[in-house]
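First up is the structure itself, then whatever we jot down about it.
The values are calculated or read from the model by the stated rules, or taken from the named source; none is laboratory data. Remember, predicted model here, so these are calculated numbers, not experimental data. Cβ placement follows ideal geometry from the backbone for every residue including glycine, while neighbour counts extend to all protein chains displayed.
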Amino acid sequence: MTDLQIPATAAAAPTTREPAPLESVPRGRSTASRLRSVLKHVLLIAASLIMVYPLLWLLVSSLRPTDVIFRSPGLWINELYVKNYSEGWFSLSYPFSQYIINSAIVVVGAIAGNLFSCSLAAYAFARLKFRLRTLWFAIMLMTIMLPVHVVLVPQYIVFNKLGLVNTFVPLILPKFLATDAFFVFLMVQFIRGIPRELDEAARIDGCGHWQIFSRVMLPLMGPALGTTAIFTFIWTWSDFFTPLIYLTDPIAYTVPVALRTFLDATTASNWGAMFAMSIVTLVPLFLAFLFGQRFLVRGIATTGGK
């Protein structure tokens, strides 16, 4: 018998596998999921419209004559009345640009003060070891719950004795003394998330505390510093109460106090001009939030992260 030889060129036929049948999703479950998604988006859109409506009404009212604003409270505009903007800009004792410049000076000073003093205080609480550090940190946190009206009268007496009332000093100087405990706490939590090995490496290279703070910590604290700057800008630009107490001369008014002067309890109030200038003053706030929201998200999300 001769053995049968299989040619070397003959290859085994490839075996084909049938694709596994896709698991079918129950149609009822898919429909319910889509309905929930549609309902969720409808509710979100409705909530957004409710929140945006006052701003839209303000914008529409700034383009209407004063006698029509409250007579037709809807959002439909029959005739554009842009004269409100020119009247609002020049109808007060000084052009409205004067009040914008005043607010800008106060805002820049407040931002610089908070960034400088709060970052130094936060570094001290987070990295330095000194007696009663925990007690002082607790006292600092308790000042967050202290109403501003409690310290308003003593502060006013001090600034009045120094002859600083009707100047920008009472609005800026406290920022250089780390009086905003919220920002100190924010930066403390952020610094605690920075590895201490960086401090030790800098100390081995001969750096002192100031060099560690300025060369190691500050470059890494960008998100926290950005968050502090944006919140300080928004809160200071919108602050009405503090400038109303310390500023008495109209040439020194900030934007919120100047807007209040459009209203008069004895004569007719120029609502159209006030709404127009309100839109103008909202533009810096909108731009600050638009271009700084990434710093807000990073600063808040990474606070306390290890």
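Tell me which of these Leu135 doesn't satisfy, since it passes every other one: (1) in the same structural domain as Ile251 (by TED's automatic domain parsing); (2) under 29 Å from the mean Cα position of the chain (by Cα).
All conditions are met except number (2).
Can you confirm whether the stretch 106-125 contains a residue that is part of a loop (DSSP other than H, G, I, E, B) and under 13 Å from Thr179 (Cα atoms)?
For the stretch 106-125, residues part of a loop (DSSP other than H, G, I, E, B) and under 13 Å from Thr179 (Cα atoms): absent.
From the list Ser86, Ser72, Ser93, exactly one residue is part of a loop (DSSP other than H, G, I, E, B) and closer than 20 Å to Val255 by Cα. Which is it? Write out each step before concluding.
Details: Ser86 fails: part of a loop (DSSP other than H, G, I, E, B); Ser72 fails: closer than 20 Å to Val255 by Cα.
Sole residue among the options that is part of a loop (DSSP other than H, G, I, E, B) and closer than 20 Å to Val255 by Cα: Ser93.
Could you list all residues from the stretch 129-141 that are surrounded by fewer than 10 Cβ atoms within 10 Å (Cβ to Cβ) and of a type in the set (A, V, I, L, M, F, W, C)?
Phe130, Leu132, Leu135
Would you confirm, using the coordinates I've provided, whether Arg192 is basic (Lys, Arg) and in contact (Cβ under 8 Å) with a residue 60 or more places away in the chain?
Spelling it out, Arg192 is indeed basic (Lys, Arg) and in contact (Cβ under 8 Å) with a residue 60 or more places away in the chain.
Could you say which residue among Thr227, Thr232, Thr236 is in contact with a Gly (Cβ under 7 Å, 6 or more places away or on another chain), surrounded by 15 or more Cβ atoms within 10 Å (Cβ to Cβ) and β-branched (Val, Ile, Thr)?
Matching residue, one of Thr227, Thr232, Thr236: Thr227.
Considering only residues that are of a type in the set (D, E, K, R) and either part of a loop (DSSP other than H, G, I, E, B) or touching a strand residue (DSSP E or B) at 6+ places or on another chain (Cβ under 6 Å) (or both), which ones fall in the stretch 131-160?
The one that is of a type in the set (D, E, K, R) and either part of a loop (DSSP other than H, G, I, E, B) or touching a strand residue (DSSP E or B) at 6+ places or on another chain (Cβ under 6 Å) (or both): Arg131.
Could you please let me know if Leu92 is surrounded by 12 or more Cβ atoms within 10 Å (Cβ to Cβ) and either under 19 Å from Leu285 (Cα atoms) or in contact with a strand residue (DSSP E or B) (Cβ under 6 Å, 6 or more places away or on another chain) (or both)? Full working, then the answer.
Details: surrounded by 12 or more Cβ atoms within 10 Å (Cβ to Cβ): yes; either under 19 Å from Leu285 (Cα atoms) or in contact with a strand residue (DSSP E or B) (Cβ under 6 Å, 6 or more places away or on another chain) (or both): no.
Spelling it out, it is not the case that Leu92 is surrounded by 12 or more Cβ atoms within 10 Å (Cβ to Cβ) and either under 19 Å from Leu285 (Cα atoms) or in contact with a strand residue (DSSP E or B) (Cβ under 6 Å, 6 or more places away or on another chain) (or both).
How many residues does the stretch 89-123 contain that are closer than 21 Å to Ala229 by Cα and polar (S, T, N, Q)?
5
Leu59 fails exactly one of the following numbered conditions: (1) in the same structural domain as Val184 (by TED's automatic domain parsing); (2) hydrophobic (A, V, I, L, M, F, W, C); (3) in contact (Cβ under 8 Å) with a residue 60 or more places away in the chain. What is the number of that condition?
Here Leu59 meets the rest and fails (1).
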